[in-house]
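Participant: Got a structure here, written out as structure tokens. Questions coming.
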Amino acid sequence: MLVVAAILRTLRLDTFPPGLYADVAANGIDALRLPQHGLQVIYARGTGNGIEGMISWLDAVSVALVGGKPIALYLTTVVIGLVTLPVHYLLGSRLFGRRVGLISTALLAVSFWAVHYSRLGYRTVLVPLFLDLAFLLLWWAVQRGSAWRWTLAGAVIGLGAYTYTSYRLVVLVLAGVIVLRIRAGRELPGSRLSWVLFALTATVVMVPLGIATLLDPQVLNRAAGVSVLGGGPVLGIPGRVADHTLRALAAFNLWGDAERQYNVPHLPLFDPLVGLAFLAGIVVAFRRWRESRYALLLIWLGVFTLVVALSDRTPHMLRGSGLVPAAFLLAAVGLDAVLQKLWPRRAALAATAVWVVSLAWTATFYFAVYPTLPNLYLEYMGDRVDVGRFIDASDWYGRQLYVGITYTRNGKVNPDPFRATPIQYMTEGHVAWTFLDYRRVGDLPAGVPIAVVVDAKDSFLLAKLAQRFPDGRVAYILPLPQRPVAVFLHDAGGPFHPASIGPYSNW
């Protein structure tokens, strides 16, 4: 199973995804700069925005081994995705037995979501790993006791706060299970001192993140901007919430994420057979909700489905990573219950058949259907990666180098430094260049040799450059697919010999 999972996560990784999106490239830049700047708890991402630091810490290992290439960042999440599987198995087997643990892990290993997100480079793939690990270690502490196990469980659940913002809702999941247990008249396992030790350790581990947030409270304050609550008039909130809730629920079996970077448009989370098993698991869990292990799954699923429902765009499965482990555990519970009732003697064979269908579903949609979607090269900013490769491989003969990128919205031209991020990652530490805001073209020095890399179809910026430097010229056109790039020169410098970069590669 792990061999199949590894093949699905590494096959054609050298060319697919065909680029490096700016958000992931920004993590890579932080990773490349980590030896000089040290570990940071939060990495800024513009005004009022930032991300937790763990993904950049892990990316730093990859770029140290492989170099500043897209594949280094993809290998980080490939490893995270593979490590998640044995942890998920241990949690599932401890809660529901080896059979359910194995079924759940096998289905997760070949699921489209897990395969795709293991190859994307985003920090959100850390959430399933740390949720599984947090609940596993807490179960271990409850079952075995001893202060060091409770301390370890608290440390890991606190460390998860450095993965992705929605992870912190794990507190609501734990609180919900505890409240249900108390309302049922059952005592909490473990002593009060154990729970105090658990909570205290988790708090201590999260203190650096808390301090960083207090010093700059805006840095993680992105929730309002990506919430359904801020998407229109206040009076329309109930209707929007209801609509988004229905869309979030439909994402499991009917109508998934439309964003091409995150999904084959509208492909649901589950293939048809696993989707039916998931519904059966929901029924089983509701019937047995008084048992803490089933209550855990229902609350876990509900809390993180709410994250998707309350997003500004729904279903947004990048933000729904926290529900994935619970959903596949429920699918395994349901599949096991159905098979044990209908075909107890052939249950293993039937479960294997479901797994094979799921594997075929993912292999077909990821490797046959997904690459045929139009414009994925531009969607993943593969053109920007190629520009970075070109800049890095060319000799600029001492020229001051600039990169100019614009976009037009509602008839207004805007500078676009965001799309320059993959270029920065590809050239970090190798070639120095400056982003050119079209409003500052007039400030470019006239008496020194300069080179400006600009989209060949950007007539607006090229016209401004020609106006500023009448003796300048477009010396070369880099023939990239769909979006060629021009090199504008103004100088009396040496000859310009552009590099040849060959077909797109994540290496």
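Participant: Enter the Cα centre distance for the pair the range 311-328 and the range 330-360, rounded to the nearest angstrom.
Facilitator: 25
Participant: Same structure, new question: Would you kindly state how much longer the chain becomes between VAL179 and LEU254 on full extension, computed as 0.36 nm times their sequence separation minus their alpha carbon distance, in nm to one decimal?
Facilitator: 23.7 nm is the gain from fully extending VAL179 to LEU254.
Participant: Still on this model: Pop the C-beta distance of LEU215 and THR352 into the FRET formula with R0 = 56 Å and round what comes out to the nearest 0.05.
Facilitator: Rounded to the nearest 0.05, the efficiency is 0.55.
Participant: Hey, another quick one. Need the full-extension length gain, ARG293 to LEU246, defined as separation in residues times 0.36 nm minus the C-alpha distance. One decimal, nm.
Facilitator: Once the chain is fully extended between ARG293 and LEU246, it gains 14.3 nm.
Participant: Which distance in nm do the two modelled labels at VAL204 and ASN414 give, with both placed 7 Å along the Cα-to-Cβ direction?
Facilitator: 4.6
Participant: Follow-up question, since we're still on this one. Where Lys and Arg each count +1 and Asp and Glu each count -1, what net charge lies around ASP257 among other residues with Cβ under 12 Å from its Cβ?
Facilitator: Charge balance in the 12 Å sphere: +3.
Participant: Something else about it: What distance in nm separates the two pseudo spin-label positions at ARG313 and ASP14, each 7 Å out from Cα along the beta-carbon direction?
Facilitator: 3.2
Participant: Return the sequence-ordered ³J(HN,Hα) values of the range 244-249 in whole Hz as given by the Karplus equation 6.51 cos²θ - 1.76 cosθ + 1.60 applied to θ = phi - 60°, using x for Gly and Pro.
Facilitator: 5, 5, 4, 5, 5, 5
Participant: Would you mind telling me the antiparallel percentage of the DSSP bridges in the chain, rounded to 5?
Facilitator: 75
Participant: Could you report the range 227-347's accessible area per residue, 1.4 Å probe, as an integer in Å²?
Facilitator: 44
Participant: Now for a different question. Between the range 33-75 and the range 466-507, what is the separation of their alpha carbon centroids in Å?
Facilitator: Between the Cα centres of the range 33-75 and the range 466-507 lies a distance of 30 Å.
Participant: Let me ask something else about it. Go ahead and run the numbers for FRET between TYR407 and LEU373, Cβ-Cβ distance against an R0 of 22 Å, rounding to 0.05.
Facilitator: The pair TYR407/LEU373 has a calculated efficiency of 0.55.
Participant: What value, in deg cm²/dmol to 500, does the helix sum -39500 (n - 2.57) over DSSP H runs of n ≥ 4 give at 222 nm once divided by the residues of the chain?
Facilitator: -17500 deg cm²/dmol
Participant: Highest mean first, what order results for 314-326, 343-355 on Cβ atoms within 10 Å?
Facilitator: By packing density, highest mean first, the sequence is 314-326, 343-355.
Participant: Okay, next question. Extending each Cα 7 Å along its Cβ direction at ARG98 and VAL3, get the distance between those two points in nm, one decimal.
Facilitator: It works out to 2.0 nm between the two label points.
Participant: Of the heavy-atom accessible surface of the chain (probe 1.4 angstrom), what whole percent is carbon and sulfur?
Facilitator: The computed percentage sits at 64.
The values are calculated or read from the model by the stated rules, or taken from the named source; none is laboratory data. What you are looking at is a predicted structure, and each value in this text was computed from that prediction instead of being measured. Quick reminder, even Gly has a Cβ in these numbers, built from the backbone with ideal geometry, and neighbours come from all protein chains shown. The protein model used for the area step is the full one, side chains on, heavy atoms only, and it has no ligands, DNA or RNA in it. Shrake-Rupley method; radii C 1.70, N 1.55, O 1.52, S 1.80 Å.
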